[in-house]
1. With closer than 21 Å to Asn37 by Cβ and basic (Lys, Arg) as the only criterion, which of Lys398, Lys420, Lys438 stands out?
2. Inside region 38-58, can you point out the residues that are free of Cβ contacts under 8 Å to residues at least 24 places away in the same chain and in contact with a strand residue (DSSP E or B) (Cβ under 6 Å, 6 or more places away or on another chain)?
3. Aliphatic (A, V, I, L, M) and surrounded by fewer than 20 Cβ atoms within 10 Å (Cβ to Cβ): which single residue out of Ala128, Ala135 fits that description?
4. Among the listed residues Glu360, Glu297, Glu301, Glu313, identify the single one that is touching a Gly at 6+ places or on another chain (Cβ under 7 Å), at pLDDT 90 or above and charged (D, E, K, R).
5. Would it be correct to say that Ser376 is under 18 Å from the mean Cα position of the chain (by Cα) and either closer than 25 Å to Asp196 by Cβ or modelled with pLDDT of 90 or more (or both)?
6. Limited to region 135-181, what total is found for residues that are assigned to a helix (DSSP H, G or I) and not aromatic (Phe, Trp, Tyr)?
7. For region 217-235, enumerate the residues that are surrounded by 21 or more Cβ atoms within 10 Å (Cβ to Cβ) and more than 27 Å from the chain's Cα centre (by Cα).
8. Is there any pair linking a residue in region 18-37 that is without any contact (Cβ under 8 Å) to a residue 60 or more places away in the chain to one that is acidic (Asp, Glu), with Cβ under 8 Å and at least six apart or on different chains, and which?
Amino acid sequence: MRISDNELIALCTDLIGKDNVSLFERLEPNLHRRIVNSLAPDSLPPACVIYPQTIAELSAAITLACNYSLRVLPCGSATKLDWGGLVSRADLVVSTAMLDRPIEHCVGDLTVTVEAGVKYRDLQALLAKQGQFLAIDPPYAAEATMGGILATGSSGSLRHRYNSVRDMCLGIEFVRADGALVKAGGRVVKNVAGYDLMKLLTGSYGTLGIVSSITFRLYPLPEYNQIVVLTGTAEAIATAQQQISTSVLTPTACDLLSATAITDLGLGQAMGLVMQFSSLKASVIAQGDRLATLAKELNLEVQVLGETCEFWELLEILIWQDELRNLSPALTPSTDNGDYVICKLGILPSVSVTFLQQCEQIFDSQSYYLQIHTGSGLGILRVEEVGDLEAIATQIAKVRSLVEAHQGFLTILEAPQELKFKTNVWGYTGNASDLMGKIRQQFDPRSLLSPDRMFS
């Protein structure tokens, strides 16, 4: 039975209270913009955004949506709501931002269980009091929620040492499309019970269920951190990357940065290799000295940075530009995701330096930044000055062809809505879309959660 927007708003108000229901036309500008940018251009806007205060309310809200066949767009604090494919329709936006309570921190077991709306920065501050941390470093760290991080599978440079967010996840609780509450995994590291739904939901972009709580594995905070930056010719950087990968050095992060990024960070004029070492102080210093010796043999410039947190914050500002993204629409040249494109890509690490050189030719006349994690080959490409959508679509297609030629992929995360509507966001072939469709059919047979997001 189809209901009107006013009827839907009244039902939601009765369910979770007037203070927890926000009308779409009265949303603050940035949230309004991200919702619009996550929907197909021909989609009607949702009636409202609701904020359940408890997991029971979340389950009841999704049950309500199921009973009335309402399409739901799930989100946390909406930092990555406009990532990936466009949603074909959303009658209702359900936010887990108010599910922001820690549930259990087992210090001795190195695990923590939190509700999905807990913010990443708040969780790290809580864990630091016990000398522990969660070994992921996602973008938009100040506002990103743990549920959103899991849903988008967004981890950063620490993946080199600690693997991805799905490897940090030990247990999960989520609400199915019919409102039922499902649990998988557990709250201990050596857990082997049940299906591994944690990995299945990681990176599912809210299409299989809405995460309500998560259990993560933790690590002790290291005694000492140090960053070493190598800059020089492409040939020397490629040789250094190969030698480091087969050496006894154990960096916690190892990133290849384009010359444009290195220059704007004030670290030189050539492409660079950035490594962070985190361990006992004596070990970190010894590894830095070993790396300096290797760099000298290859005629690479070496810079040692003591303020590791400051470096990563500057790099995040450079690539993600969160402050500019959050400006009032009246202060930005466009309300349609600005004039930039951000892509996630994967490529064989062995050809990453060559790939950087090829990108220099593709984007020779405009500003861009490229970061590749050398251990996994995953990376982020940011292209600015996007005025001509046909021209940028051609450039993205060229980059996609390059990575696919080396068994890789390119996914468009953030871009003008029109570009996403006319371009295959996910792009690469062999992505098991048929299998994904069958899994989706089992979890959400009526396509109520983020419809068509994974197939646009």
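The values are calculated or read from the model by the stated rules, or taken from the named source; none is laboratory data. Since the model is a prediction, treat every value here as computed from it, not as a measurement. Heads up, the Cβs are rebuilt from the backbone with ideal geometry, glycines too, and the neighbour counts pull from every protein chain shown.
1. One residue alone meets the criteria, Lys420.
2. Hits for region 38-58: nothing passes.
3. Matching residue, one of Ala128, Ala135: Ala128.
4. After ruling out the rest, the residue left standing is Glu301.
5. Yes, satisfied.
6. Qualifying residue count, region 135-181: 14.
7. Thr231, the sole residue that qualifies.
8. As it stands, the answer is Arg34/Asp82, since those pairs meet every condition given.
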